[in-house]
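The values are calculated or read from the model by the stated rules, or taken from the named source; none is laboratory data. This is a predicted model, so every value here is computed, not measured. Reconstructed Cβ throughout: ideal geometry from the backbone, glycine too, with neighbour counts over all protein chains shown.
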Amino acid sequence: MARPYRSVLYIPAANARAMDKARGLPADAIIFDLEDAVAPDQKVAARDALRQALAQDYGPRARIVRINALATEWGRADAVACADLPVDGVLIPKVDGPEDLDAVAELLPDAPLWAMMETPLGMLNAGAIAAHPRLSGMVMGTNDLAKEIGSRFRADRLPMMAGLGLCLLAARAHGRVIVDGVFNAFKDEDGLRAECEQGRDMGFDGKTLIHPAQLAVANAAFAPTEPEIDLARRQIEAFEQAQAAGRGVAVVDGRIVENLHVETARRTIDRAEAIAAMAE
């Protein structure tokens, strides 16, 4: 049963109170951020605070640490520290190509690696990045990508579509988790819902979030609905009955159901069960 990543919440590693509060939040995953969310004079202290925080129980939530780039004065120490921490992944910023993953992999022999996809080179090299044997997931960095390509904000995210699509295709081609970028206006619930639904319909596993108030919307948007679960069960049942009768297709609600539809239905059921297990 695959772990869900509907909601992936950024938490500054310098904020001990926020990290403690996150243990009770309904997030599927937490990104403990040592990079953008931490001021330069707090970098070392944040690393120590993170170690203390991760000594606590975070339940079923995935624990991912975003380190500083190796080119910075903090990156190497961040990576080395993660080798001794109970983490489910180490997120590398501004990955341009697989060589950026190689450099961190040398310092971390065991931890799964995640790639921030936020540069033009990263978009163009998405396939090679996703193919890296140590990679577990990809995180879209849409704010940095917008800055790099000089695009303007649009609610439909049209300037982002090429990059989003390239990364999504790469992730799916190599069986990686991929989560959408953040929605900055955390008080705009309708805007967040629309962007979550857009990402869900494109095929993303979930969305990165900047505020706990965004969790409920993301969790709902990226979870199968009861009608979808019911349809999936009926499709599976009808197809199995058709096969038992020697037929290769079934009909449910006036629509043909073939093997490919059953695969999608089974993924829907598996996703619903994984989400239910998170709440236990």
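Among the residues making up the stretch 24-43, those that are touching a residue at least 12 places away in the same chain (Cβ under 8 Å) and more than 24 Å from residue 75 (Cβ to Cβ) are 25, 26, 27, 28. Residue 184 falls short on exactly one of the conditions (1) out of contact with any Asp or Glu (no Cβ under 7 Å at 6 or more places or on another chain); (2) assigned by TED's automatic domain parsing to the domain that holds residue 156; (3) part of a helix (DSSP H, G or I), and that condition is (3). Which members of the stretch 220-263 meet the condition of being among the charged types (D, E, K, R), outside any loop (DSSP other than H, G, I, E, B) and over 30 Å from residue 196 (Cβ atoms)? Residues satisfying the conditions are 237, 240.
When you go through 46, 71 one by one, which is the residue that is out of contact with any Lys or Arg (no Cβ under 8 Å at 6 or more places or on another chain), over 30 Å from residue 169 (Cβ atoms) and among the small types (Gly, Ala, Ser)?
From the options 46, 71, the qualifying one is 46.
Please specify each residue of the stretch 150-167 satisfying the condition of being touching a Pro at 6+ places or on another chain (Cβ under 6 Å) and either closer than 30 Å to residue 109 by Cα or part of a helix (DSSP H, G or I) (or both). Result: no residue meets the conditions.
The condition (being surrounded by fewer than 23 Cβ atoms within 10 Å (Cβ to Cβ) and in contact (Cβ under 8 Å) with a residue 24 or more places away in the chain) is satisfied by just one residue among 131, 146: 131. Of the residues 193, 271, 200, the single one that is in contact (Cβ under 8 Å) with a residue 60 or more places away in the chain, under 23 Å from residue 30 (Cβ atoms) and not small (Gly, Ala, Ser) is 271.
Taken together, the criteria place residue 196 among residues that are under 30 Å from residue 228 (Cβ atoms) and touching a Lys or Arg at 6+ places or on another chain (Cβ under 6 Å). Residue-level analysis places residue 198 outside the set of residues that are in a helix (DSSP H, G or I) and farther than 30 Å from residue 33 by Cα.
None of 81, 46 is in contact (Cβ under 8 Å) with a residue 12 or more places away in the chain, in contact with a Leu (Cβ under 6 Å, 6 or more places away or on another chain) and assigned by TED's automatic domain parsing to the domain that holds residue 124 except 46.
Within the stretch 233-256, residues that are free of Cβ contacts under 8 Å to residues at least 40 places away in the same chain and assigned by TED's automatic domain parsing to the domain that holds residue 268 have Cβ atoms under 6 Å from residues that are assigned to a helix (DSSP H, G or I) and among the hydrophobic types (A, V, I, L, M, F, W, C) in these pairs: 235/265; 236/262; 236/265; 239/262; 250/238; 250/239; 250/242; 252/238, counting only partners at least 6 apart in sequence or on another chain. With respect to the conditions (1) assigned to a helix (DSSP H, G or I); (2) surrounded by 18 or more Cβ atoms within 10 Å (Cβ to Cβ), residue 213 lacks only one, and its number is (2). Checking each residue in the stretch 1-45 for being of a type in the set (Lys, Arg) and closer than 17 Å to residue 93 by Cα picks out only 43.
Is there a residue in the stretch 79-91 that is within 16 Å of residue 131 (Cα to Cα), in contact with a strand residue (DSSP E or B) (Cβ under 9 Å, 6 or more places away or on another chain) and of a type in the set (Asp, Glu)? No.
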